[in-house]
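What follows is a set of notes on a single structure, which appears directly below.
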Amino acid sequence: MNDWKEKVRKSAKTRATGADPTPVSNAEPWPELQAIPNDLPAVLPFDYEMLPNAFAAYVSDVAERMQCPPDFTAAAIMVALAGVVGKKIGIRPKRHDDWLVIPNLWGAAIGRPGIMKTPAIRQPFDFLHRLEEAARDKFTQEQATYEVKRLIAEEQKKHRRLLVANAIKDKDDPEKAAQELAIEVPSEPTRRRYVVNDSTVEKLGELLNQNPNGLTAFRDEIPGLFEHLDKEGQEGARAFYIEAWDGLGKFTYDRIGRGTLEIESVTLSVFGGIQPGRLASYLRAAVHGGAGDDGLMQRFQLAVYPDVKQNWRNVDRWPDTDAKQKAWAIFQAMDILDPLRVGADPAGEVPYLRFDQEAQGLFDDWRAELEPRVRSGEEHPAIESHLAKYRSLIPSLALLIHLADGTVGPIGSKALKKALAWARYLESHARRIYAIVTDPTAAAAKALGKRIKQGEVQDGFSLRSVYRNGWAGLDRDSLELAAELLVELGWLREVEIETGGKPKIIFRINSAILRNTPGRETDNTAKRVPAPPSDSNVSDLPGCSDDGDWGEIA
């Protein structure tokens with residue numbers, strides 16, 4: 001455990017037990033300010049060896065030209081690939097069991113604004129747009145042919161009606177007359193779709209019925225989708241997305257005015273960008289029983305939150321055409337994939353592959369390590385839920401890599417080892433993502449420190465006076481931990497004021513911070529301790545006393 005975490009734990013225990021009630025003198029010199037430790041756990045760097053062979057040069061080229069982490073483009077291209085493969089083929093990860101996994105993936109690129117996150121994740125989806133443009137041109141041609149056939153069929157229908165009418169008039173057999181002129185009713189073509197951006201779930205359901213292989217939803221900012229699904233009345237839409245995650249579900253809408261819409265194949269991949277601040281707000285609400293406490297975020301298995309290098313350089317050159325063409329060729333091949341040609345077993349609703357003997361043993365060993373971890377109760381529930389979904393993530397990635405590398409027959413250990421490398425890499429990113437709720441002390445200390453430096457927290461403040469502002473990241477529990485850490489780092493000094501009843505606890509701000517905060521009156525502020533009110537034992541916040549015993553909020 002980090003030293004600062006141990007100090008905070010001991011300090012909090014001391015306050016809780018009253019083992020050291022001695023006030024700290026205001027006359028003591030302030031210690032040297034220490035930096036607040038990084039609130040983000042370390043993540044594994046991206047390894048290009050994890051990618052299908054044809055993608056590595058392309059991802060490297062995009063990352064270099066845009067001077068952004070390769071993680072963004074790599075995660076995006078794997079989700080885009082999953083969207084094209086869709087429900088054409090699946091994998092049965094056990095030797096004999098009928099457990100079927102569709103290579104359906106959800107992912108997200110997490111990063112601050114201005115680091116080229118959005119352009120980097122849009123690049124791979126250009127491949128899907130190219131497929132969509134080709135499908136649109138084909139649809140236009142098919143639509144023209146359909147119109148000709150439809151007009152002919154309508155005229156044939158008029159002619160048959162006339163023959164039937166004449167047969168009745170002449171007392172002949174009208175059924176024989178109708179059968180003699182068979183009409184071939186043309187089927188109206190449907191446009192093949194690959195990507196959707198902003199669609200109601202009802203319309204999305206219609207599109208999925210027309211595209212049973214599946215679709216990919218791409219959003220520049222995923223929180224927009226979260227906010228929509230969190231709205232009152234959108235419970236059905238939220239359930240639809242959750243059902244669409246594994247690619248095997250069906251869904252039925254019953255709507256007044258729209259009737260019943262049955263979606264036979266709900267297969268949807270999802271990818272988009274998220275800013276850390278908005279993600280933090282969403283995760284806090286989700287973990288503490290908010291609208292998002294249904295595992296929606298945990299379904300974003302390919303969520304990456306990489307470090308961003310500060311050493312930027314200007315790269316102005318043409319894209320690597322050869323690398324791009326090789327990646328594009330994979331998307332074209334997966335678009336027309338014939339499962340039988342790659343050795344898939346056609347039995348069942350979806351053709352499938354299995355692991356070969358070596359890979360099966362490797363997968364079984366990996367899963368034997370995973371299952372006790374997600375059942376032990378030692379992990380935070382959010383982490384447990386996230387890791388539990390790796391059961392399907394690893395087979396999905398192994399299948400996609402196997403297909404993209406042009407291998408036929410059972411999935412071998414080479415593809416599976418790449419998938420397992422993804423698992424180690426993605427788990428490190430998941431722990432960074434969920435650190436906001438699993439280890440909030442440093443993040444809360446940074447949030448409180450920022451407010452202090454901006455002059456929004458006054459010298460001699462109580463925890464209650466900060467909490468009542470409702471600032472993001474500073475709830476009751478995390479605020480107390482943040483104050484304890486800032487005391488250890490020399491930012492604050494805890495002062496106990498006798499009131500005749502319960503002592504009042506206030507926090508003094510280091511004079512070095514006060515001197516550097518615009519608008520502070522530092523000459524007198526550093527010496528002044530607010531006088532406690534006569535009824536200082538009673539808080540004006542229900543259930544909350546100034547000594548840090550928060551109680552229950554009415």
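The values are calculated or read from the model by the stated rules, or taken from the named source; none is laboratory data. All figures in this text were calculated on a predicted structure; none of them were measured in a lab. As a convention, Cβ positions derive from the backbone with ideal geometry for all residues, glycine included, and neighbour counts pool all protein chains shown. Heavy atoms of the whole protein, side chains included, go into the accessibility calculation; ligands, DNA and RNA do not. Shrake-Rupley method; radii C 1.70, N 1.55, O 1.52, S 1.80 Å.
Over all projection directions, the Cα-based convex hull of the range 65-204 averages an area of 15.8 nm².
Put simply, when 75-82, 88-95 are sorted by average Cβ atoms within 10 angstrom per residue, most first, you get 75-82, 88-95. For the residue pairs Lys117/Lys389; Lys94/Lys417; Lys117/Lys309, the C-alpha atoms sit more than 19 angstrom apart in Lys117/Lys389. Shown in residue order for the range 61-72 are the 3J(HN,Hα) couplings computed by the Karplus curve 6.51 cos²θ - 1.76 cosθ + 1.60 at θ = phi - 60°: 5, 5, 4, 6, 5, 8, 6, 9, x, x, 4, 4 Hz (x for Gly and Pro). With the whole protein complex present, Asp338 retains an accessible surface near 60 Å², based on a 1.4 Å probe. Taking the empirical scaling 2.2 N^0.38 Å for compact globular proteins as reference, the range 300-388 has a Cα radius of gyration ratio of 1.71. Look at the dipole of the range 126-176 built from charges on Cβ: of Ala167, Ile152, Ala135, the Cα furthest out on the positive end belongs to Ala167. With the simple spin-label model, which puts each label point 7 Å out from Cα in the Cβ direction, the Ala35 to Asp364 separation comes to 5.0 nm.
Length available on full extension from Glu155 to Ala333: 0.36 nm per residue minus the Cα-Cα distance, which gives 59.9 nm. Relative intensity of the range 290-343 on a log10 scale, I(q)/I(0) at q = 0.28, 0.29 Å⁻¹, equals -1.05, -1.06, per a Debye sum over C-alpha point scatterers of equal strength in the absence of solvent.
Annotation note: GluC sites (Glu not before Pro) in the range 187-243 located in DSSP loop regions with a Cβ neighbour count of at most 14 within 10 Å are Glu232. Measuring between alpha carbons in the structure, the pairs from Lys138/Lys203; Lys250/Lys418; Lys88/Lys326 lying more than 26 angstrom apart are Lys250/Lys418. With a simple spin-label model that places each label point 7 Å from the Cα along the Cα-to-Cβ direction, the separation between Glu175 and Leu162 comes to 2.6 nm.
Given +1 at the Cβ of Lys and Arg, -1 at the Cβ of Asp and Glu and no other charges, the dipole of the range 297-442 around its Cα centre is 400 debye to the nearest 20. Counting every C-alpha pair in the range 350-456, the share spaced more than 22 angstrom apart comes to 47%.
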